[in-house]
1. Output the relative contact order of the chain, whole-number percent, from Cα pairs under 8 angstrom with separation of 6+ residues.
2. On full extension of the chain, what length is gained from residue 85 through residue 152, given 0.36 nm per residue of separation minus the C-alpha to C-alpha distance?
3. Note the angle between two axes, namely the Cα long axis of helix 275-284 and the longest principal axis of the Cα atoms of the chain, as a number of degrees from 0 to 90, rounded to the nearest 10.
4. Does anyone have the angle between helix 4-17 and the longest principal axis of the chain? Alpha-carbon axes, 0 to 90°, nearest 10?
5. What length, rounded to one decimal in nm, is gained on full extension from residue 213 through to residue 343, with 0.36 nm per residue of separation minus their alpha-carbon distance?
6. How large is the accessible surface per residue of the chain, computed with a 1.4 Å probe and reported in Å² as a whole number?
7. Kindly work out what percent of the DSSP beta bridges joining two residues of the chain are antiparallel, to the nearest 5.
8. Taking the alpha-carbon centroid of each part, what is the distance from region 65-135 to region 199-257 in angstrom?
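The values are calculated or read from the model by the stated rules, or taken from the named source; none is laboratory data. Given the structure is predicted, the values throughout are model-derived calculations rather than measurements. We place every Cβ from the backbone using ideal geometry, glycine too, and count neighbours over all the protein chains shown. When the accessible area is computed, the model is the full protein with side chains, heavy atoms only, and any ligands, DNA or RNA have been set aside. Shrake-Rupley method; radii C 1.70, N 1.55, O 1.52, S 1.80 Å.
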Amino acid sequence: MRVLLPLLLIMLWCSASRAAEVTIDLAHQVRPFRGWGTSLAWWAHGVGDWPEETVNSIVRRATDPKQGLGLNVFRYNIGGGDAPDHHHLRRWGDIPGFKTSADAPFDPKADAAQRRVLLKLIRTSADRPILEAFSNSPPYWMSISGCAAGGKGGSANLQRSFEQPFVDYLADVAEYYKQQHGVTFDSIEPMNEPDVKWWKANGDQEGTHIPRDQQARLIVLLRHALDRRGLKEMRVSATDANSLNDALTSLKSFDAATLAALGQVNTHSYAGDQRTQLLAACEERHKPLWQSETGPLYVGGTEYEQMMKTAERLVIDMNQLRPEVWCTWQFVGGGPWGCLNENPAKRSVTVSRLFYLLAAFTREIRPGDRFVEIDSKQVLAADSSGRKQLTVVLVNREKAAQAVRLLIKCGDDLVGPAVRYVASAVEDLSEKAPIPLIAGRLEVPLPPESVTRLVLKHAK
């Protein structure tokens, strides 16, 4: 034993010496975070007519910051509605529109299932709910192809003569929700992934290609339409590009009148790499920035590997893009997309691995916290003055264990040890042995393909 103990100490020292080092300097923090969110398309429309107890359970999983994800940002999908003789939209993707033709009256009973879920989310949110309405496509009768799934061959599909009726339609929905349900959207987005040309007639979901000149016109027209209805407090957001690079290109193309009407920049982070450039462009134009949709698109691998890539993307988004809001796409969905996986036949859900991977972030990093500026694709840190704690989340996508040494600066009042939880393919955010804080340093072991959360308290 006398021989083995020194050998063990040497092995531990060698392992620690090989650990990657990341500095967390609490003197460098960004503006307060506003929250975590999800789009309601398509899952809220799908589960909204399920039994009351089941819907309530799903909603609690979304909003509860202790047992759920603590989401407080909800993006309501204003359906365009496809032609009545079309039956090609994906399951749950057939969001009802509020006007079935140009001459039809506004139908206040439309989209009851999604609305039921929205109202429950608002009532149960632990923090102030932040609400956005967004459109994937104009109604089929405003389109060139006569189909809400897109144009022929992916071409632009909103008739020029229907630009004004389209924004009026969106503004009417917003006004209806405020007057009839007491719901005021913080922002409204008239387009979704408008730059791409994969939105084609007879496709499986609503979508439309919108050229940049038309994007600009819709932003200005929607601003005026909202103002005429007394909805001046509601921001117009855009462009919800699939690629960060497309979002940047569109933003740079907008003239002064469009920028004056644009209240918020939205982007998806599925593709592109110009996070820091988009952030700089938004700051230069004094526009708040959201990451409004992301998930495992394009990443490949097993379902669990795709989920781990989503967790890593979250870290990269927050450290480089620094959005004030971060949203996942499908809270309830199949495969690697959903935090809950649905069983439509039984009208029930099961908790997925993605739920726990995201909970490692969302349960302890809360609205009002400030992210610490870190140049890392693996480590995310947020400081809370209100709850007097520092939360650090580390992602290890590798199939082998890793070690990371965290060097904390300007955190003299932090009290160790760090409480530690791990989410992985086999662990549901399980509590582990705490990590000692020694002279501002934490030596953190990372299990293979895992997300580790650490929490340290401030003494004052």
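1. Normalised by residue count, the contact order of the chain is 17 percent.
2. 22.4 nm
3. Approximately 60 degrees, to the nearest ten.
4. 40
5. Difference between extended and current length: 42.5 nm.
6. Heavy-atom SASA per residue in the chain reads 40 Å².
7. Antiparallel: roughly 50 percent of the beta bridges in the chain.
8. Spelled out, the Cα-based centre of one part sits 19 Å from the other.
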